[in-house]
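Visitor: Pasting a structure below so you can have a look.
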Amino acid sequence: TDGEAGTAGADDGGMSENPYAGLVSRLRAAWLSRRTRPLEYRVAQLEALGRFLEEKKQDILEATALDMRKATQLDSAFIRKDPYGVVLIIGPWNYPIYLLLVPLIGAIAAGNCVIIKPSELTKNSEKLIEEVLPKYLDKDCFAVVTAGVEETTRLLENKFDYIFFTGSPSVGRIIMTAAAKHLTPVTLELGGKNPCYVSDTCDVQNVARRVVWGRFFNAGQTCIAPEYVLCSVEMQEKLIPALREAITEFYGSEPRNSPDFGRIVGDKQFRRVQALLSSGRVAIGGQTDEKERYIAPTVLVDVKPSDPAMQEEIFGPILIIITVANIDEAIDFINSRERPLVVYAFSSNSKEVNQVLERTSSGGFCGNDTLMHVTLTSLPFGGIGSSGLGMYHGQFTFDTFTHHRGCLQRSTGLEPINTLRYPPLQHPQDGS
Ligand code: NAD
């Protein structure tokens, strides 16, 4: 029966009384079974739809004639790429210039007017953007607003034609709610916890270098950084010394003295990340210095999925290792959580990498490396589910800020062609 089919409906928010809950969970169970994925399946369903239109043509004509007394005939068409209008771009602090300017380029290229709002946490970048950028652009069309939470809330009361937001999922919800009041379309570039599957087949030194680079770049304050490794107990044993070696190779034996190792952006963020060090057990690093907002490159093991470090986005220099029995368990683990911005998979067997790709869902995917997928402008970049909505980079940025306007244009003459669609129409029951 309807009520029994749900698999992913554990969190139904008390909606079990809802008359459609059973139906929705039945479809979700079918979705999770991956039935709709194979090409043959899609072709078969579309063919069935085609048969419906063909076999029931008469019924459809009769029904629409009874309902609407209407018929239509399309002509040739074209798509016009129109700018949206007045766009708002809100940026985070972790790449304070890049994450404002990349969307800005697309918004200008598409022909919009733009207000940009940098993060208030990175004061120097904010000041630079506020004081210098406007000197280079047409002030009537491009403006910078410096604002904290209170002022941004007021800013969002205004009607914009598009909002492009980069930041946390919780603020993303606030932005989308504000946008909904004006039916404003949004792109939400959000965060999450990115998993990294490491198979037993891997060259452990190579994996360690690539993971350490991705995790500790910008002191871990990167939305696409791998947050946790999923691997076997045996791989964990080999990975820990290899990670330690890679950390020393990149940042020396005292990373706090390395010019290539960053600091946490602010005191509040420092305390939040520091508190996460109490999850599980420190296998590497763990040293902190509040004055400098320094947290050493750290690896945690024996972390439970319910521990704080596995419940929130770390956004700091901490890598977690979670052990799993096999690839199936790793995939189940990934699928039991919110859809991440990126899934990473390392294996010398490409079938395994493809298996992780095929059986998970995420904004992006990168096999046998970290972060590199973001560097290709030919690839769309964005999240799915709680990691975001929409995509950009390269051509996709232009398209994001463009309304694809479907247009039909006809000659004012050639009127006889139109007589077919003008009433009085020929009706099916006429038998003609
Ligand atoms: P944040 O959500 O706290 O802030 C982002 C922006 O929103 C800032 O400009 C801030 O002033 C504004 N803001 C904050 N609270 C607000 C409110 N209540 N109302 C209106 N505006 C508000 O994010 P952050 O701490 O600056 O950045 C870290 C987060 O961003 C992480 O979750 C990270 O994963 C994510 N991120 C995502 C991407 C991506 O491309 N998907 C890139 C970088 C960072």
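The values are calculated or read from the model by the stated rules, or taken from the named source; none is laboratory data. From a predicted model like this one, the values you see are computed outputs, not experimental measurements. Positions of Cβ are backbone-derived with ideal geometry, glycine not excepted, and every protein chain shown enters the neighbour counts.
Visitor: Give Thr146, Thr201, Thr184 a once-over and let me know the one that is farther than 24 Å from Ile264 by Cβ, free of Cβ contacts under 8 Å to residues at least 40 places away in the same chain and among the hydroxyl-bearing types (Ser, Thr, Tyr).
Guide: Checking each option against the conditions leaves just Thr184.
Visitor: Here is a follow-up. I need the helices (runs of 4 or more DSSP H) fully contained in segment 121-177, keeping only those with at least 3 residues that are among the acidic types (Asp, Glu) and within 9 Å of the ligand (Cβ to nearest atom).
Guide: In segment 121-177, no matching helices (runs of 4 or more DSSP H) lie anywhere.
Visitor: Within segment 270-292, how many residues turn out to be within 16 Å of the ligand (Cβ to nearest atom) and either among the β-branched types (Val, Ile, Thr) or buried (at least 20 other Cβ atoms within 10 Å of the Cβ) (or both)?
Guide: Result for segment 270-292: 3.
Visitor: Also, quick follow-up: Tell me which residues, restricted to segment 188-239, are of a type in the set (D, E, K, R) and closer than 30 Å to Phe401 by Cβ.
Guide: Correct list: Glu189, Lys193.
Visitor: Restricting attention to segment 67-91, report how many residues are surrounded by 13 or more Cβ atoms within 10 Å (Cβ to Cβ) and modelled with pLDDT of 90 or more.
Guide: Number satisfying all stated conditions: 11.
Visitor: So if I check each of Lys181, Lys193, which one is within 11 Å of the ligand (Cβ to nearest atom) and over 24 Å from Phe398 (Cα atoms)?
Guide: Going through Lys181, Lys193 in turn, the sole match is Lys193.
Visitor: Scan (1) in contact (Cβ under 8 Å) with a residue 60 or more places away in the chain; (2) part of a helix (DSSP H, G or I); (3) within 16 Å of the ligand (Cβ to nearest atom) for the single condition Leu61 breaks and write down its number.
Guide: Among (1) in contact (Cβ under 8 Å) with a residue 60 or more places away in the chain; (2) part of a helix (DSSP H, G or I); (3) within 16 Å of the ligand (Cβ to nearest atom), the lone unmet condition for Leu61 is (3).
Visitor: While we're here: Tell me yes or no: at least one residue of segment 178-188 is assigned to a helix (DSSP H, G or I), surrounded by 15 or more Cβ atoms within 10 Å (Cβ to Cβ) and not polar (S, T, N, Q).
Guide: yes
Visitor: Could you go through segment 325-342 and let me know if any residue there is within 16 Å of the ligand (Cβ to nearest atom) and surrounded by fewer than 18 Cβ atoms within 10 Å (Cβ to Cβ).
Guide: yes
Visitor: Which of (1) in a helix (DSSP H, G or I); (2) within 16 Å of the ligand (Cβ to nearest atom) is the odd one out, the single condition Ala208 does not satisfy?
Guide: Tallying (1) in a helix (DSSP H, G or I); (2) within 16 Å of the ligand (Cβ to nearest atom), Ala208 fails exactly one: (2).
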